[in-house]
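Asker: Before anything else, here's the structure in question.
We did not get these values from a lab; they are worked out from the coordinates using the rules stated. Just so we're clear, the structure is a prediction, and the values are computed from it rather than from any experiment. Neighbour counts run over all protein chains shown; Cβ positions are idealised from the backbone, glycine included.
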């Protein structure tokens, strides 16, 4: 019998509302094998701190996916990870032989966890290999690269998600619910802060513009941008911004601190602040009938929140990375909502680019032409 790849198999199967698989003239043994595999294999590309300390441990607890492989440019890490996570040699790749992952049916999803400037290359290569893609934020270093990633995934008929973990955790989901139901009236103002003080090696990739594409704005600022958007339930229509630098000897070619003001068609406004030079972690939303806030709002948790009518938001803590990866796997397996689609990453890059343009033009207001619901969950 002709070898049946996972991609070909998927095209012959349909997943019903209850998760029932309907086989299409497949041999009984093969059908049962595929039906029994209810977890998707994930390969992590790049084994830095985030993969090591967050993603890999989270994948030990996920219900819809599991750690199936790794891709690393550091040979010494191969044996360490293979022994720690019982990974077969055939599921360990480097950056040179990565494209051969297309022949590995044990790997369904590739999670790109590399410096921003490398995202487009490996996301596109993963899509061409027929693998679903999770791209860690920031999605790319330009809007054009975002378009290339989205196009590659569509052409290959694979799913694309961005590593915006907060959309899967309950505090952020509660914020969205407050906004949707107008629990505290129409939103008039949002304040969002996402920052930390960088004191490490000044040669780290996040402080190297060629690898990161920018500084605090691309690293932490996207969390503040996201807060402003789901805190209003809208995409902004214009933005103005300012940049401040107090440690130029350390932040040699990346932005240190940026503030920006976003305007929305409803009349709501948002102030956002991001920095690599001080700590800040909050969002505050004011409506016509009250307010609600999260503080902390964007770290790995546990988060915390409160409201103007005395409610304390208090949800059980779970790994945000576990929730995020399970949600994306469920989207692939069962057709559930894609909480952070590729268009969300592109939208945020459009806003980031406008912020940099405003700074370059002395704080000039830059109009944004983003469709009303573009970049929201799909």
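Asker: The list [x] 41, 26, 19; [y] 36, 25, 19; [z] 31, 27, 21 gives values of semi-axes √(5λ) of the Cα gyration tensor in Å, and only one came from this structure; which label was calculated from it?
Answerer: Label [y] holds the value from this structure.
Asker: So what is the relative contact order of the chain, in percent, for Cα pairs below 8 Å that sit 6 or more residues apart? Present the calculation step by step, with values, prior to reporting the outcome.
Answerer: Numbers: 760 pairs, mean separation 64.2, N = 378.
Relative contact order, the chain: 17 percent.
Asker: R0 = 35 Å: FRET efficiency of residue 253 with residue 315, Cβ-based, nearest 0.05? If you can, show how the numbers build up before the last one.
Answerer: On the way: r = 40 Å, r/R0 = 1.15.
So, using R0 = 35 Å, E works out to roughly 0.30.
Asker: Where the eigenvalues come from the Cα gyration tensor of region 143-183, what are the semi-axes √(5λ) of the equivalent ellipsoid, largest first, in whole Å? Can you show the working numbers first?
Answerer: On the way: eigenvalues 184, 24, 19 Å².
Result for region 143-183: semi-axes of 30, 11, 10 Å.
Asker: Moving on to the next point. Report, to two decimal places, the Cα Rg of region 265-344 normalised by 2.2 N^0.38 Å (N = number of residues). Intermediate values should be presented prior to the final figure.
Answerer: Numbers: Rg = 16.0 Å, N = 80, 2.2 N^0.38 = 11.6 Å.
That works out to 1.38 for region 265-344.
Asker: Work out, step by step, the length gained on full extension between residue 76 and residue 106: first 0.36 nm times the residue separation, then minus their alpha carbon distance; give nm to one decimal. Show your work: numbers first, answer last.
Answerer: Details: separation 30, 0.36 × 30 = 10.80 nm, distance 2.33 nm.
My answer for the length gained is 8.5 nm.
Asker: For region 48-85 and region 251-279, what is the centre-to-centre distance using only Cα atoms, to the nearest Å?
Answerer: 34
Asker: Is region 39-163 best put as rounded, prolate or oblate by its Cα gyration tensor, with a ≥ b ≥ c the root eigenvalues, rounded for a/c under 1.5, and otherwise prolate when a/b is larger than b/c, oblate when not? Mind dumping the intermediate values first?
Answerer: Values: a/c = 1.58, a/b = 1.46, b/c = 1.08.
Verdict is prolate for region 39-163.
Asker: Right, next: Between residue 60 and residue 89, 0.36 nm times their residue separation minus their Cα-Cα distance comes to what?
Answerer: Contour length minus Cα-Cα distance gives 8.5 nm.
Asker: Evaluate the distance, in nm, between pseudo-label points positioned 7 Å from the Cα of residue 246 and of residue 176 along their respective Cα→Cβ axes.
Answerer: The modelled label-to-label distance comes out at 3.6 nm.
Asker: Before rounding to the nearest 500, sum -39500 (n - 2.57) across all DSSP H runs of length at least 4 in the chain and divide by the residue total; then give [θ] at 222 nm in deg cm²/dmol. If you can, show how the numbers build up before the last one.
Answerer: Values: 10 runs with 111 residues, N = 378.
After summing the helix terms and dividing by the residues of the chain, the value is -9000 deg cm²/dmol.
Asker: Now a separate question. Points 7 angstrom from Cα along the Cβ direction at residue 99 and residue 49: gap in nanometres?
Answerer: 3.4
Asker: If you find the alpha carbon centre of region 139-216 and of region 308-378, how far apart are they in angstrom?
Answerer: After rounding, the separation between the Cα centres reads 5 Å.
Asker: While we're here: Figure the gain on full extension for residue 142 and residue 278 (residue separation times 0.36 nm, minus the Cα-Cα span) and round it to one decimal in nm. Walk me through the numbers before you get to the answer.
Answerer: Details: separation 136, 0.36 × 136 = 48.96 nm, distance 2.64 nm.
Difference between extended and current length: 46.3 nm.
Asker: Using per-residue counts of other Cβ atoms within 10 Å, averaged over each peptide, order 166-174, 178-186, 48-56 from highest down.
Answerer: On the way: 166-174: 21.2, 178-186: 15.0, 48-56: 17.2.
Descending packing order for the listed peptides: 166-174, 48-56, 178-186.
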